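Some notes on the structure that comes next.
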Amino acid sequence: MLAAYHYCKYSQALHRYENLLSRDFHADRPNQKWVTDISYIKTAQGFLYLSVIRDLYDRSIVAYKTSTVQNINLVLNTIRAAKRKEKVTGELQLHSDQGFQYTSQPYFNLTKSYNIMENRVYGYARVSTREQNEDRQLEALIRFGVPKQNIIVDKSSGKDTEREGYQYLKRQILRKGDTLVIKELDRLSRNKADIKRELEELKAAGVRVKILDIPTTLTDFPLEQAWVLEMINAILIEVLGAIAENERRKIRARQREGIEAAKKKNVRFGRPSKPLPDNWEQVLAEVRNGNKKPVEAMRELEISRSHYYRLYKRKCQ
């Protein structure tokens, strides 16, 4: 099946899928590989659109629907009819072209709810600030084989996992059978407990994580030796997670040291203070004497409520 998501555009999801079938039309059993498409039938009244799902095991028609309109509902109704007729398991691959119906969010949601396997590959990149450049990570992910449109990018700190892109990827996009590729372990987080929790949750969800800087996570071991791979990866992740967390501590320590050094040089942080209005002392005296209410003072000084109380607090310190 073909899979993809245009990175950073969460509100307009467009899902493209890798070609898992790759012209391998052999199936060992029913409901292992389905193919679907829409055909155009010309009639005297106009075009009739035929949506068909065929099982590659015996070339039988699993389900079909017709409509005078070529839209997403035609495809969705065909899948629903197939689901009512056949027992669908997690190994089912549903192959289609990349027409708008098959890359739409409703199609994605329906196939996800039916647990139809698509085995898509996504990449995740993160930099800590908007000024930093993610190109190095993107180049590594694309070089590994992740389509650019499948990469989610966050520009946010790694202190925790509450990042818009990552949470959207994890909760709305990734599903059983998918693979998530990251360049470095600390792209997930710089907190060791967070890293371990995220990896465990992704594993429980059936998502494989490949870390480019940990080559053993890229290796496919025989099933009977999978425990060896897991053991090696667990040790490496434990060590590298601790290193990432320690690096986070160093960053924070350097920040604190820099701030303290700047304060000793009388460097002020934040926005520069606004000057007092020319008539501030006169108006403030009237407020203190009870001759004027604060709201009247704000109006006369032509300043906002928050600005007034900031100046008042600063003057009274």
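For (1) touching a residue at least 60 places away in the same chain (Cβ under 8 Å); (2) part of a loop (DSSP other than H, G, I, E, B), each residue gets a yes or a no:
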position: VAL75; (1), (2): no, no
position: ALA82; (1), (2): no, no
position: LEU94; (1), (2): yes, no
position: GLY99; (1), (2): yes, yes
position: PHE108; (1), (2): yes, no
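Of all residues in the stretch 185-202, those satisfying the criterion of being of a type outside the set (A, V, I, L, M) and part of a loop (DSSP other than H, G, I, E, B) are SER189, ARG190, ASN191.
Which ones in the stretch 85-134 are of a type outside the set (Val, Ile, Thr), closer than 15 Å to LYS33 by Cα and buried (at least 18 other Cβ atoms within 10 Å of the Cβ)? Within the stretch 85-134, LEU92, GLN93, LEU94, HIS95, SER96, MET117, GLU118 qualify.
The set of residues in the stretch 152-184 that are under 8 Å from the mean Cα position of the chain (by Cα), crowded, with 19+ Cβ neighbours inside 10 Å and not in a helix (DSSP H, G or I) contains only ILE152. Applying the condition of being in a loop (DSSP other than H, G, I, E, B) and surrounded by 17 or more Cβ atoms within 10 Å (Cβ to Cβ) to the stretch 206-226 and asking which residue is modelled with the highest pLDDT yields LEU212.
The values are calculated or read from the model by the stated rules, or taken from the named source; none is laboratory data. Predicted model, so just to flag it, every value in this text is computed and none were measured. Here the Cβ is made from the backbone with ideal geometry for all residues, glycine too, and neighbour counts use every protein chain on show.
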